[in-house]
Amino acid sequence: MSTSNNRVAIIGAGTIGLSFAALHLTKNPRSNVSIFDTRPNLEQYIESKLPGYLVDVDQADCLSRLRIVQDLAEAVKDASIVQEQGPENADFKRSIWPKIEQHAPEAALFWSSTSGIVASEQSKDMQDKSRLVVVHPYNPPHIMPLLEVVPSSVTSQEVVDRTLEYWRGLGRVPVVIRKECTGFVANRLAFALLREACSLVAQGVVSVEDLDSVVQASMGPRWTVAGPFKSYHAGGGEGGLESFMQKIGGTVQECWDASDNDVKQGGIEVGRTWQDDVFRQTEKAYGVIDTAERDRKTKAVLQAVSK
Ligand SMILES: NC(=O)c1ccc[n+]([C@@H]2O[C@H](COP(=O)([O-])OP(=O)(O)OC[C@H]3O[C@@H](n4cnc5c(N)ncnc54)[C@H](O)[C@@H]3O)[C@@H](O)[C@H]2O)c1
Ligand SMILES: *[C@@H]1O[C@H](CO)[C@@H](O)[C@H](O)[C@H]1NC(C)=O
């Protein structure tokens, strides 16, 4: 890993920002991290939340490399990476980059964690639009290896290459998304499954809890080992995916048609009446979720499949 990538400015330290701060501090032991966030009682907030993310590491060492600053210019002035995860608001994102550009070193990488406001939109008022790239995490980034790297059509290849190099150096899995698009790839896949799940529950085919059991007992474990293409390539036997489609393609098409039809007939759109029952079932089944347990188990799974 190049030593120039060791000073990270975290702009906006909510759910995602604090998790990223923890990721840099724990996986990049030579990094210094500065945090800028406009929330009141920032220091108290960080002191209460951050240690929970610093498990199985030398906490004191991590915290000694962390600085909380009161001013955006101060946060970015000697940064080699500026990572933004403030509010998901186009005006905010568009207005902050020119300020960052003004105060950060010329070689600093500019990353936005946005879930949907593409770099070409955010960079409109920048002097050098080629510097900005979206680096979209899968929550929580201090645990989930994926980073969707989404350049705009003018983002420089050098910026993309240095971004990939940094994340690979930390053992993460950066994936370049070749075109700016709604939701990028991970959320498109996840929300396609969520729509089908809602549709099946709304039709009374299965309960919320049973649907979760289906996923946890089948696709969940499978997909940590092989994605859908590799899975069905294996499922097709010697002829691979092509043979799978020859054998099962009719069923696949029937399912796709039924999904389209059920979603349309059932009015499966955000905000419609089907939601009430799904929310009630989910609340009754799970109440308030213990994310510490989720994170502990997810880590153990990732460790198991990395062997
Ligand atoms: N939560 C997720 O699951 C998730 C996943 C991937 C990406 N993201 C993206 O990450 C970004 C942040 O999301 P979040 O869930 O962490 O939100 P959040 O509300 O938890 O955090 C946002 C932080 O920005 C701070 N802030 C507000 N105005 C600011 C300003 N002018 N300057 C600096 N800081 C400011 C807030 O005080 C807050 O701490 C969004 O762009 C979102 O799309 C979120
Ligand atoms: C990190 O901060 C310490 C203390 O200010 C400093 O000595 C060190 O050189 C910094 N490291 C980097 C990579 O900037």
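Quick note: the coordinates plus some simple rules give every number you see, no bench work behind them. Given the structure is predicted, the values throughout are model-derived calculations rather than measurements. Every residue, glycine as well, gets a Cβ built from its backbone with ideal geometry; the counts of neighbours run over all protein chains shown.
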Between A304 and R30, what is the label-point separation in nm under the 7 Å Cα-to-beta-carbon projection? 3.6 nm
Angle between the chain longest axis and helix 157-169 axis [Cα atoms, degrees, rounded to 10]: 80 degrees
Looking at the calculated P(r) for region 171-247, what percent of the C-alpha pair distances fall above 18 Å? 60 percent
Rg to Rh, two decimals, where region 211-290 supplies the alpha carbon set and Rh follows Kirkwood: 1.10
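Of the trypsin sites (Lys or Arg not before Pro) in region 102-165, which ones lie in a loop per DSSP and count no more than 15 other C-beta atoms within 10 Å? Each step should come with its number before you reach the end.
Working: sites: K124, K129, R131, R162; in loops: K124.
Filter output for region 102-165: K124.
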Once the dipole of region 7-176 is set up with Lys and Arg at +1 and Asp and Glu at -1 on Cβ about the Cα centre, which of Q102, P40, V160 lies farthest towards its positive end? V160
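Would you kindly state how much longer the chain becomes between T15 and S95 on full extension, computed as 0.36 nm times their sequence separation minus their alpha carbon distance, in nm to one decimal? Before the final figure, lay out the partial values.
On the way: separation 80, 0.36 × 80 = 28.80 nm, distance 2.16 nm.
Working it through step by step, the gained length comes to 26.6 nm.
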GluC sites (Glu not before Pro) lying in DSSP loop within region 95-163, provided at most 11 other Cβ fall within 10 Å: E106
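Any idea what the dipole of region 259-305 comes to, in debye rounded to 20, about its Cα centre with Lys/Arg Cβ at +1 and Asp/Glu Cβ at -1?
Dipole of region 259-305, to the nearest 20 debye: 240 debye.
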Restricting region 167-198 to trypsin sites (Lys or Arg not before Pro) in coil, as DSSP defines it, with at most 10 other Cβ within 10 Å: R178, K179
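Using 0.36 nm per residue of separation minus the Cα-Cα distance, give me the extension gain between F191 and K284 in nm, one decimal. Don't skip to the end; give the middle numbers.
Details: separation 93, 0.36 × 93 = 33.48 nm, distance 2.22 nm.
Length gained between F191 and K284: 31.3 nm.
For F229 and Q275, what does the FRET efficiency come to when R0 = 25 Å and r is the distance between their Cβ atoms, rounded to the nearest 0.05? Let's see the in-between values first.
Values: r = 32 Å, r/R0 = 1.29.
Here the calculated transfer efficiency is 0.20.
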Protection proxy ranking, peptides 236-246, 34-44, 77-87, average beta carbon neighbours within 10 Å, highest first: 77-87, 34-44, 236-246
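How long are the semi-axes of the ellipsoid equivalent to region 34-104, from square roots of 5 times the Cα gyration tensor eigenvalues, in whole Å, largest first?
Details: eigenvalues 121, 43, 24 Å².
Value: 25, 15, 11 Å, ordered largest first.
Give, rounded to the nearest 20 debye, the magnitude of the charge dipole that the chain has about its Cα centre when Lys and Arg contribute +1 at Cβ and Asp and Glu contribute -1 at Cβ. Each step should come with its number before you reach the end.
Working: 33 positive and 39 negative charges, 128 e Å.
Charge dipole of the chain: 620 debye, to the nearest 20.
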Gain on full stretching of the segment that runs from R294 to D58 - 0.36 nm per residue minus C-alpha separation: 82.7 nm
Options A300, S120, F92, ranked by Cα towards positive dipole end of the chain, top entry (Cβ charges): A300
So what is the diffusion coefficient of region 7-176 in µm² per second by Stokes-Einstein at 37 °C and 0.692 mPa s, using a Kirkwood Rh over Cα pairs? 208 µm²/s
Positive-end extreme of charge dipole, region 210-280 - chosen from N261, F244, V278 (charges on Cβ): F244
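Two decimals, Cα atoms only, Kirkwood Rh: what is Rg/Rh over the chain?
Details: Rg = 21.7 Å, Rh = 21.6 Å.
Radius of gyration relative to Kirkwood radius: 1.00.
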Cα-centre dipole for region 187-305 with unit charges at Cβ (Lys and Arg positive, Asp and Glu negative), debye to 20: 420 debye
Residue of W274, W167, W223 that the Gaussian network model of the chain assigns the largest fluctuation, springs spanning Cα pairs under 10 Å: W223
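Among the listed pairs K49/K129; K264/K284; K124/K179; K230/K297; K27/K49; K247/K299, which have their C-alpha atoms separated by more than 29 angstrom in this model? Before the final figure, lay out the partial values.
Values: K49/K129 34 Å; K264/K284 27 Å; K124/K179 18 Å; K230/K297 24 Å; K27/K49 18 Å; K247/K299 37 Å.
Long pairs (Cα-Cα over 29 Å): K49/K129; K247/K299.
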